[in-house]
Amino acid sequence: MRAVCYASYGAPPRLTELPDPDCPADGVVLRVAATGVCRSDWHAWQGHDPVPLPMVPGHELVGEIIEVGREVRRWAPGARVTVPFACGCGRCEHCAAGATQVCPAQTQPGFTRWGSFADYVAIESADANLVALPPELTSIEAAALGCRFATAYGALRHLGGAGAGPGSGLVIWGCGGVGLSAIALAAATGARIVAVDPSEAAREAAAGLGAMAGLDPSGLTPAAAADAVRDLLGGGAHGSIDAVGRPELLAAGVLALRPRGRHAQVGLLLGDDAATAVPMGPVIARELQIRGVHGLAAQHYPALLDQVRTAAIDLSRLIGRVVGLAEAPAALAAMSAPGAVAGLTVLDLSR
């Protein structure tokens with residue numbers, strides 16, 4: 001099969017030929033139709049989030065089942081599916097409770113095993129992880145569901161009524177894939193949204209999806225950025241989402257909240273940032289909540305797809321560009337300059 005692979009951290013990924021994947025007994029092999037290029041792929045390639053080497057990146061995928069393992073009961077060849085980026089084992093107490101995204105034995109295409117920057121990809125525990133896609137959703141649109149859009153939906157679920165709903169105030173720190181997805185979802189509920197990003201193009205994209213205001217945080221301290229958000233939302237945000245993963249954004253997100261507000265941490269805090277300080281004074285005084293978000297379990301995808309349909313959310317508006325597999329190395333490298341491309345980059349494997 002064709003595949004994009006890197007053999008060491010930071011080394012240029014290259015398009016090559018690799019053996020087709022074997023089908024797991026409890027899993028399937030998919031023919032990949034489209035796959036997103038995500039910043040998590042970039043983190044792994046840079047060695048910020050170590051993975052086994054060599055690695056084929058890619059975890060935001062849409063494909064057709066071409067082979068089914070002998071233990072699979074719910075799926076057959078020909079089905080068009082996606083998967084969460086964190087696939088549960090399907091057997092532990094967490095999976096039984098519907099929380100496959102925090103399964104201790106989870107697998108992740110592109111991180112624990114070869115991913116979807118390839119013609120074919122193997123997925124384990126298919127009965128617990130595959131999600132059927134409606135025919136009206138194109139493969140290019142659906143390629144965002146497995147990670148960024150689904151994670152944004154998971155973040156808003158964690159926030160509950162804080163930041164999502166008529167009149168609620170929400171601040172989104174970072175208007176990349178997750179941030180724009182959260183804006184599209186929250187705007188459909190009537191939330192008032194402040195989009196924070198140093199890129200003018202990203203702020204314009206956020207406005208087009210329903211953000212009421214944009215804020216350039218360049219040169220601002222976390223406290224100053226938080227004050228600006230509090231002014232724009234008239235007393236602070238009900239909900240905050242850090243969609244980038246930086247200590248200063250976590251701090252600003254907490255400081256921007258009004259009493260009993262909630263902050264959802266989506267962006268990865270890796271390396272030295274993993275032990276970052278949190279401004280606990282306002283957390284205690286205002287009774288704030290901070291929740292980590294690690295994707296979305298497969299069982300919640302039907303509700304997500306239903307919201308997309310009933311709110312008439314145009315997923316194509318989240319797509320910044322569509323390229324072929326041969327252009328994947330350059331697309332991954334472009335993420336070294338945040339804001340270079342507004343919206344999601346999707347690989348179309350038919351090209």
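Tabulated data for the structure shown
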| item | result |
| --- | --- |
| Karplus 3J(HN,Hα) series, Hz, for region 235-241 with 6.51 cos²θ - 1.76 cosθ + 1.60 (x for Gly, Pro) | x, x, 8, 6, x, 9, 10 |
| Quarter of the Cα convex hull surface for region 69-203, i.e. its orientation-mean projected area (nm²) | 10.2 nm² |
| Label-point separation, L18 to D216 (7 Å along Cα→Cβ), nm | 4.1 nm |
| Helical contribution to [θ] at 222 nm, DSSP H n ≥ 4, -39,500 (n - 2.57), averaged over the chain, rounded to 500 | -7000 deg cm²/dmol |
| In region 1-88, the trypsin sites (Lys or Arg not before Pro) that fall in loop regions by DSSP, at most 13 other Cβ within 10 Å | R70, R73, R74 |
| Amide proton proximity set for L344, modelled H, under 5 Å, gap of 5+ | I319, G320, R321 |
| Within region 226-254: backbone nitrogen closer than 14 Å to the D49 label point (7 Å, Cα to C-beta) | 243-246 |
| Leading residue at positive end of dipole, the chain (Cβ point charges), from A285, L255, A312 | A285 |
| Point-charge dipole on Cβ atoms (K/R +1, D/E -1) for the chain, about Cα centre, debye to 20 | 640 debye |
| Anisotropy class of region 45-127 from Cα gyration tensor, a/c 1.5 cut | oblate |
| Net lengthening on full extension, S350/A334 (0.36 nm per residue, minus Cα-Cα) | 3.6 nm |
| Residues whose placed amide H lies under 5 Å from that of R291, excluding near-sequence neighbours | H263, A264, Q265 |
| Dipole moment magnitude, nearest 20 debye, region 244-345 about Cα centre, only Lys, Arg, Asp, Glu C-beta charged | 360 debye |
| Rg and Dmax of region 171-217, Cα atoms only, in Å | 8.8, 26 |
| Convex hull projection area averaged over all views, the chain, Cα basis, nm² | 16.2 nm² |
| Extension gain from A201 to D273, taking 0.36 nm per residue of separation minus the Cα-Cα distance | 23.2 nm |
| Over region 68-217, relative contact order from alpha-carbon pairs under 8 Å, at least 6 apart, % | 17 percent |
| Cα pair distances in region 260-351, grouped into 10 Å bins until the bin that holds the longest one, percent each | 12, 24, 34, 25, 5, 1 |
| Share, in percent, of DSSP beta bridges within the chain that are antiparallel, nearest 5 | 50 percent |
| Placed amide H near R91: partners under 5 Å, 5+ positions off or other chain | none |
| Given charges at beta-carbon only (K, R positive; D, E negative), |dipole| of region 44-83 in Debye | 220 debye |
| Loop GluC sites (Glu not before Pro), region 24-84 (other Cβ atoms within 10 Å of the site Cβ: 16 or fewer; DSSP) | E71 |
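Here, each number is a calculation from the coordinates, and none is a lab measurement. A quick note: this is a predicted structure, and the numbers were derived from the prediction, not measured. Glycine gets a Cβ as well: all are built from the backbone with ideal geometry, and neighbour counts include every protein chain shown.
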